[in-house]
Amino acid sequence: MNARKTAKLENTTADISVVVDLLRAGKLVALPTETVYGLGADATNGQAVAQIYAAKGRPSFNPLIIHVADLEQAEKYAVFNDTARQFAQAFWPGPLTLVLPLRKDHGISELVTAGLDTIAIRVPAHKLAQDILQTFGKPIAAPSANISGRVSPTTPAHVLADLDGVIDAVIDGGACAVGLESSIVKIDGDDAALLRAGGVSLEALNSCLERDVRTPDDPDAPQSPGQLQSHYAPSAAVRLNATHKMDGEVLLGFGAQDAADINLSPKADLVEAAAKLFAALRDIDTLARTKGATTIAVSPIPATGLGLAINDRLNRASAPRD
Ligand code: TXA
Ligand code: MG
């Protein structure tokens with residue numbers, strides 16, 4: 001990509017107008033959601049969407065999520081049945097993405113869906129994201145605003161660490177409250193399948209229907225095209241379920257853990273740990289480098305509530321890399 005100057009914008013009416021003008025002109029703008037920062041472009045503009053893939057170094061077979069202001073807008077692009085509507089009513093606006101049949105004459109660039117006949121769609125709750133979506137009036141395609149395979153950003157500084165000089169602007173909406181990407185649920189008739197654990201817990205999703213959502217470990221369940229085994233990779237190696245710190249390691253703790261170099265939540269609160277996870281992964285990677293440690297050891301984290309999504313991200317961070 002050509003080097004360009006990345007504008008650093010604030011949460012003001014004037015800067016929201018700047019963002020909307022940039023989006024209308026087919027530019028790339030990183031913006032906050034309650035989950036992570038997204039790298040946004042006009043979802044109906046193929047050239048703009050192509051630049052998202054280029055900026056991230058993202059494989060083009062991995063489709064993007066579109067963001068809209070509300071359910072009414074969402075229905076212009078996707079076909080909602082009763083099951084889909086139940087999820088939307090229970091969790092929107094919020095950290096849930098629904099994968100639904102794509103509507104005809106939707107106007108969305110084919111690059112967004114990577115040629116699939118389904119579309120991933122979400123209504124974010126973040127006030128600034130809502131302000132931008134309502135003013136723009138069109139869907140915004142936005143993957144997480146990081147280089148493909150790296151840790152997702154939860155602050156503007158994280159965005160700039162990967163993409164300064166590559167994107168047109170970033171607007172500051174503070175640190176993301178949830179801190180993990182949205183949960184992705186694919187609806188196919190009556191069937192609901194979790195493609196990615198995320199900001200809405202499986203327990204909460206299961207309480208929405210009279211039956212349980214299928215999970216990715218069900219061999220017959222549909223899988224997401226973009227769930228790469230190695231992802232969120234820090235520079236140091238990662239060792240999970242570590243009960244103590246070995247030589248050459250730094251420790252990312254959870255719960256009471258005196259030896260922790262950084263603790264996700266000393267009081268073992270999974271919501272706090274989720275909000276801190278990505279920033280902590282970056283910080284402990286830097287600490288490992290300064291201390292000459294080769295490995296990040298991570299305390300065991302229970303697989304309930306947001307712990308399912310936290311463990312999913314940590315498993316990918318620890319996976320063998322290409
Ligand atoms: O919280 C989030 O979801 C953030 C914020 C910015 O909204 N976005 C995000 O986007 O995490 P990204 O691109 O990093 O992850 C999107 C995931 C990918 O795993 C992709 O494969 C999947 O959604 N996806 C997109 N369209 C799909 C489709 N039609 N069917 C199945 N999976 C799809
Ligand atoms: Mg991502």
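The values are calculated or read from the model by the stated rules, or taken from the named source; none is laboratory data. Computed from a predicted structure; not experimentally measured. So basically every Cβ, Gly included, is an ideal-geometry build from the backbone, and we count neighbours across all protein chains shown. These accessible areas exclude ligands, DNA and RNA; they are computed on the full protein's heavy atoms, side chains included. Shrake-Rupley method; radii C 1.70, N 1.55, O 1.52, S 1.80 Å.
Only one of the numbered conditions (1) open to solvent by 30 Å² or more (accessible area, probe 1.4 Å); (2) assigned to a helix (DSSP H, G or I); (3) away from ligand 1 (no atom under 16 Å from the Cβ) is not met by V20, and that is (1). Can you find even one residue in segment 69-88 that is buried (at least 23 other Cβ atoms within 10 Å of the Cβ) and either within 16 Å of ligand 2 (Cβ to nearest atom) or of a type in the set (S, T, Y) (or both)? Checking segment 69-88: not a single residue is buried (at least 23 other Cβ atoms within 10 Å of the Cβ) and either within 16 Å of ligand 2 (Cβ to nearest atom) or of a type in the set (S, T, Y) (or both).
Within segment 30-39, can you find the residues that are within 8 Å of ligand 1 (Cβ to nearest atom) and either touching a Phe, Trp or Tyr at 6+ places or on another chain (Cβ under 9 Å) or in a strand (DSSP E or B) (or both)? Passing the criteria: V36, G38, L39. Against the criterion of being closer than 20 Å to L264 by Cβ, touching a residue at least 24 places away in the same chain (Cβ under 8 Å) and away from ligand 1 (no atom under 15 Å from the Cβ), P234 qualifies. If the condition is being within 13 Å of ligand 1 (Cβ to nearest atom) and among the acidic types (D, E), then segment 119-168 contributes only D162.
Taken over segment 204-248, the criterion of being farther than 28 Å from T113 by Cβ, exposed (fewer than 13 other Cβ atoms within 10 Å of the Cβ) and of a type outside the set (A, V, I, L, M, F, W, C) is satisfied by S207, E210, S235, N241, T243, H244, D247. Among the residues of segment 231-248, those identified as on the phi < 0 side of the Ramachandran plot and either within 16 Å of ligand 2 (Cβ to nearest atom) or assigned to a strand (DSSP E or B) (or both) are H231, A233, P234, A237, V238, R239.
Pairs linking a residue in segment 54-76 that is in contact (Cβ under 8 Å) with a residue 12 or more places away in the chain to a residue that is loosely packed, with under 13 Cβ neighbours inside 10 Å and part of a loop (DSSP other than H, G, I, E, B), with Cβ atoms under 7 Å and 6 or more positions apart or on different chains, are A54/M1; A55/M1. If you go through segment 249-270 one residue at a time, do you hit one that is under 19 Å from the mean Cα position of the chain (by Cα), under 19 Å from P143 (Cα atoms) and either open to solvent by less than 40 Å² (accessible area, probe 1.4 Å) or away from ligand 2 (no atom under 16 Å from the Cβ) (or both)? Looking for residues that are under 19 Å from the mean Cα position of the chain (by Cα), under 19 Å from P143 (Cα atoms) and either open to solvent by less than 40 Å² (accessible area, probe 1.4 Å) or away from ligand 2 (no atom under 16 Å from the Cβ) (or both), one finds none in segment 249-270, hence no. From the list D168, D162, D131, the one residue that fits, being under 26 Å from A274 (Cα atoms) and either more than 18 Å from the chain's Cα centre (by Cα) or basic (K, R) (or both), is D131. In segment 78-100, the residues that are farther than 16 Å from P139 by Cα and modelled with pLDDT of 95 or more form Cβ pairs under 7 Å with partners that are open to solvent by 10 Å² or more (accessible area, probe 1.4 Å) and part of a helix (DSSP H, G or I), at six or more places apart or across chains, as follows: A88/L71. Scanning segment 104-138 for residues that are surrounded by fewer than 20 Cβ atoms within 10 Å (Cβ to Cβ) and within 16 Å of ligand 2 (Cβ to nearest atom) returns a single hit, A114.
Kindly evaluate P320 against the criterion of being surrounded by fewer than 17 Cβ atoms within 10 Å (Cβ to Cβ), touching a Phe, Trp or Tyr at 6+ places or on another chain (Cβ under 8 Å) and of a type outside the set (S, T, N, Q). No.
Restricting attention to segment 139-166, which residues are among the acidic types (D, E) and either open to solvent by less than 40 Å² (accessible area, probe 1.4 Å) or in contact with a Phe, Trp or Tyr (Cβ under 8 Å, 6 or more places away or on another chain) (or both)? Once the filter is applied, which keeps residues that are among the acidic types (D, E) and either open to solvent by less than 40 Å² (accessible area, probe 1.4 Å) or in contact with a Phe, Trp or Tyr (Cβ under 8 Å, 6 or more places away or on another chain) (or both), segment 139-166 yields only D162.
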